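What follows is one structure encoded as structure tokens, with my remarks underneath.
The values are calculated or read from the model by the stated rules, or taken from the named source; none is laboratory data. Fair warning: this is a prediction, and the values are worked out from it, not measured in the lab. Cβ: placed from backbone, ideal geometry, glycine included. Neighbour counts: every protein chain shown.
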Amino acid sequence: MASELGPPNREAARERPLQRQGRSVCSQRCMTEAYMKLGGNTVLRPFRTGDFCYSPIQPASFRNLYPLTSRAAPRQGIFLHERKECMMNFKKTIAVSLAALAVIGAVSGCGGDQKKESAPAEKKEITVGVTPGYSEQVMEFVAKEAEKQGLKVNVKSFADYVTPDQALAQGDIDLNSFQHGPFLDAFNEKNGTHLVSIGNTFLAPLRIYSGSLTSVKDVPDGAKVSIPNDPSNGGRALLLLEKQGLIKLKDGTDPTKAVVGDIVSNPKNLQIIELEAAQLPRSLDDVAISVINAGYAHSAGLDTKKALATEDNTSPYVNIIAAREQDKDNPTYQKFMKIYQSDAVRKYINDNFSDGLVPAF
């Protein structure tokens, strides 16, 4: 067998003693930089300068030497088959090694993504949007409490109920505090935004005020009545008017989505005028009654004790702190929320706004 598979020239024949010593080698011409490591396997480069390829299948066996040059083929036709086997093994080794490298790269890439998605570092300064009145005053006190714990809170006041949510959605501010849950839901639905509540603050009841009347029963036929024009507070105002017997809404009306069109009974033919919430206190000179949000009533200096009617404690309209959905678990915002819902802030609200606000934490 050895004579049939022997090397095709004398130079290779001289190397047979090495085979008998248990070594698997190629010709001397093939040894110079003739091997490389791929995936833990040693593979000789068959196209370098020599005539043979090394296969690790059977170490110390002469069958590990495969002629690769065309001059060997006529003399030893069996080597053509061996050459193909060698080439297939070589290609398989490369394919497996490249696949392993690809997997390692993918795992490394995933690891990088996980690092990028890790929790953000705690911030030392945030900006919170508010509206004038109770929200702003309470937030100023919260900012002082936060400063004691190393967190600076910048309070940014907005003149209406739309801009604070727009600023939050656009990333111009970190949080806002001026609205209740139904208002936020309506804003998201209308604008396709993803703002969420991260905690409750207080209930600020709606009240009915008048510049000339002292009782709801005194409202004349055909009188003008102003209410907020935003969807949630407008519906909220209509519910309050219904509870006072001034109108009736159709059965099954969603209390958080009631609109003027849902009125099925209006015995006094009241003229319902929808205005920006901030304009309601100014409308008192032109209307018989107005349903005004607590914050704007407070800013206008209206006396809650002179209100003709007040929203009761069954209201679902508790005010909240809003954040972008992707930031709801931000550690800085969670820290801020704990500061807001502290005993110190609850005491401040009860001591200073007992006539207008009810802590909701």
Could you tell me which of the residues 204, 159, 167, 143 is in contact (Cβ under 8 Å) with a residue 60 or more places away in the chain, surrounded by 14 or more Cβ atoms within 10 Å (Cβ to Cβ), at negative phi and of a type in the set (Gly, Ala, Ser)?
204
The one condition residue 238 fails out of (1) within 30 Å of residue 173 (Cβ to Cβ); (2) hydrophobic (A, V, I, L, M, F, W, C); (3) under 40 Å from the mean Cα position of the chain (by Cα) is (1)
In segment 194-244, how many residues are among the hydroxyl-bearing types (Ser, Thr, Tyr), under 16 Å from residue 309 (Cα atoms) and in contact with a Ser or Thr (Cβ under 9 Å, 6 or more places away or on another chain)?
3
Taking segment 232-261 and keeping only residues that are of a type in the set (Gly, Ala, Ser) and either more than 17 Å from residue 217 (Cβ to Cβ) or buried (at least 21 other Cβ atoms within 10 Å of the Cβ) (or both), one is left with 232, 234, 235, 237, 252, 258, 261
Within segment 142-163, restricting attention to residues that are in a loop (DSSP other than H, G, I, E, B) and either at pLDDT 95 or above or of a type in the set (A, V, I, L, M) (or both), which residue is nearest to residue 348 (Cα to Cα)?
148
Matching entry among 225, 264 (being at negative phi and loosely packed, with under 14 Cβ neighbours inside 10 Å)
264
Unmet criterion (only one of (1) in contact (Cβ under 8 Å) with a residue 40 or more places away in the chain; (2) under 27 Å from the mean Cα position of the chain (by Cα); (3) closer than 30 Å to residue 146 by Cβ) for residue 338:
(1)
Scan segment 190-200 and tell me whether some residue there is within 28 Å of the chain's Cα centre (by Cα) and at positive phi.
yes
Sole residue being crowded, with 16+ Cβ neighbours inside 10 Å and under 17 Å from residue 341 (Cβ atoms), chosen from 129, 181:
181
The listed residue being farther than 16 Å from residue 225 by Cα and out of contact with any helix residue (DSSP H, G or I) (no Cβ under 8 Å at 6 or more places or on another chain), out of 329, 286:
329
Test residue 198 against the criterion of being β-branched (Val, Ile, Thr), touching a strand residue (DSSP E or B) at 6+ places or on another chain (Cβ under 6 Å) and without any contact (Cβ under 8 Å) to a residue 60 or more places away in the chain, and give yes or no.
no
Tell me yes or no: at least one residue of segment 213-227 is at pLDDT below 95, over 28 Å from the mean Cα position of the chain (by Cα) and of a type in the set (Gly, Ala, Ser).
no
Scan segment 143-164 for residues that are within 14 Å of residue 338 (Cα to Cα) and polar (S, T, N, Q) and jot them down.
149
Assess whether residue 271 counts as being under 20 Å from residue 245 (Cβ atoms), modelled with pLDDT of 90 or more and of a type in the set (S, T, N, Q).
yes
Looking only at segment 268-316, which residues are β-branched (Val, Ile, Thr), over 19 Å from residue 232 (Cβ atoms) and surrounded by fewer than 18 Cβ atoms within 10 Å (Cβ to Cβ)?
304
